[in-house]
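Student: I have a structure I would like to understand better, so I am pasting it below and will then ask my questions one at a time.
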Amino acid sequence: MKKRSISGLLALVLLACITQAATVKEVPMKGNGSGQITGQNGAVITAIGQGEATHLGKFTREEVITLNDGAVSGTIVFTAADGSQLNCEFVGAFTSATTVAGTYTFTGGTGRFDGATGNAFFDITLGEAGSFSFGFAGTIQMN
């Protein structure tokens, strides 16, 4: 009798894993927008921005950037119009005095982005008085 219960339990666990894997979908993600540097404390910069992207729609973003000898790294929180948030870590480097390129890594979030993962390449062009424009393209996996 115990053998059947364990076999039944294993079958249910396997079915749950297959169902979970089937509901995760990798889809293209692309967006662009603009922003403004809001502060700097040594090598740490804060910025805000807004834009539009697939799966986010119109969004706002808040970011913290660390500069290190031409390299950049940091975090971004994208907030969609419905309040869902997508978390992102990034690394990159200056490719000229006014451009930065690198990679976003999506690390979950809230609402429809809970458990989201993925990567995107980004580029940023710096403007006057702390303004910047950005674009990104890659994929995201969402439940």
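Student: How much of the calculated P(r) for region 100-143 lies past 15 Å, in percent of all Cα pairs?
Tutor: 52 percent
Student: Tell me the volume per residue, in Å³, of the convex hull enclosing the alpha carbons of region 25-142. Can you show the working numbers first?
Tutor: Working: hull volume 10.0 nm³, N = 118.
Dividing the Cα hull volume of region 25-142 by its residue count gives 85 Å³.
Student: Would you mind computing Rg(Cα) / (2.2 N^0.38 Å) for region 19-94, counting N as its residues? Let's see the in-between values first.
Tutor: Working: Rg = 14.6 Å, N = 76, 2.2 N^0.38 = 11.4 Å.
Taking the Cα Rg and dividing by 2.2 N^0.38 Å, one obtains 1.28.
Student: Let me ask something else. Taking amide H positions as placed in the peptide plane 1.01 Å from N, state which residues far from Met29 in sequence (5 or more) or on other chains have amide H under 5 Å from it.
Tutor: Gly138, Thr139, Ile140
Student: Ranked highest first by average number of other Cβ atoms within 10 Å, how do 33-46, 94-107, 77-90 line up?
Tutor: Details: 33-46: 13.6, 94-107: 15.3, 77-90: 18.0.
With the highest mean Cβ count within 10 Å placed first, the list reads 77-90, 94-107, 33-46.
Values quoted throughout were computed directly from the atomic coordinates according to the rules given, and no laboratory measurement underlies them. No experiment lies behind these values; they were computed from the predicted model shown. Neighbour counts are summed over all protein chains in view; Cβ atoms, including those assigned to glycine, are modelled from backbone coordinates with ideal geometry.
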